[in-house]
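Taking it in order: structure first as structure tokens, then the write-up.
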Amino acid sequence: MSIKRIRSYVVFGIALLLSSSLCVSNGWTETDWDILSFVSEKGGDSPIILMNTQGATLERLETHPGVPSQFTWSPNGRSIVYDSWQGGNFDIYVMDVEANTHRQLTFDGNRDQSPAWAPNGKWIAFVSDRAGGRTIYRMDVNGENVKQLTNKKDCRGPAWSPDSQWIAFSSEHSLFLMDADGRRLRELTWAKRFSECSWSPDGKQIAFTSSPPNGGSEIFSIDVNGKNRRQLTWSDQPAVIWGPVWSPSGKWIAYIVGQIPIGGGPVDQIMTNGAISVVNTVNGAGGKPIEATRGLPKQSLQWVPKQLLSVSPSAEKQTTLWGKLKQAADASK
């Protein structure tokens, strides 16, 4: 994939926004040119898909080896860290997006999963069973200086605060916070049916999934001081919701949702017809599926970093402005 092509698409998107007052899609109003990325069930050799919020596929990224379970972008948007199953084991890899090269970071023979790149660019947090249970570790971005951060078992979904000073994660149906060295651990709130969590760009709130009284799962947010817990999504029928992620603008949370059939069923089966939705973080507006994603998302969902999408007219004059991504944009009109 060419980073220049993605930026060219953003230039084209800005032009569209300037030519019309607002873009309206799926029942919510889009005033920020944001792009989603997610692991696809049907991606083949290119399992990470980049798509705009109107459902137009912009690019497909190859990962090697295998299909990732979880991934996150580097702060500058030029690399992706992901986990992948190969040779009977999960390990963590880094992909250079522009060069399409891949480098393995973990080799310990255990299940190393759920990598999360710190916003300061220095560390990668991940979950491993190398100590006999799912605990959280931190390593340098080259795979060195591995440090165990938690003694709790069954830890899931480490997420860095925007200042890289704190990590949020779940364990034993609760949401916890700890500092980057694994100290100052404190329980933030209970979070039944918890999967991943996501920090707001200003670092003041955390979004997470939990089970409401009517069953299924919904998205909630809470202040980092443990106050002001509120429900953001209200499904018409019980649903499984996975992986809420806060947009770079702070106005939206994207998530994967699958409806629970009458009589229930395994999560994997429910998610085979799942789709990506986007909800407004202020008033809960939106929440309607992006139909082009129906049956595609597997687990991991991320917004493309704004650093990758930042453009300036003077810089872009030296690039090819249209190309493949313009064709995708034209096809979506």
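Measuring nothing but how far apart in sequence close Cα pairs (under 8 Å, 6+ apart) lie, relative to its length, the stretch 61-156 scores a relative contact order of 19 percent.
Let me check I've understood the local charge: for D181, count other residues with C-beta under 10 angstrom from its C-beta, Lys and Arg +1, Asp and Glu -1. What total comes out? Every neighbour counted, the sum reads +3.
Among F90, F71, F107, F208, a tally of other beta-carbon atoms within 10 Å of each Cβ gives an order, fewest to most, of F107, F90, F208, F71.
How would you rank V97, V67, V278, going from fewest to most other Cβ atoms within 10 Å of each one's own Cβ?
Placing the least packed residue first, the sequence is V67, V97, V278.
The alpha carbon gyration tensor of the stretch 36-194 gives principal lengths a ≥ b ≥ c with a/c of 1.5 or higher and a/b greater than b/c, which makes the shape prolate. Please go through the residue pairs K251/K306; K204/K306; K42/K251 and name each one whose alpha carbons sit more than 21 Å apart in this structure. Pairs exceeding 21 Å: K42/K251. Counting 0.36 nm for each residue step from N151 to S249 and taking away their Cα separation leaves a gain of 31.8 nm.
Read-outs throughout are calculated quantities, based only on the coordinates presented, and are distinct from any laboratory measurement. Given the structure is predicted, the values throughout are model-derived calculations rather than measurements. Please note: Cβ atoms are built from the backbone with ideal geometry, for glycine as well, and neighbour counts cover all protein chains shown.
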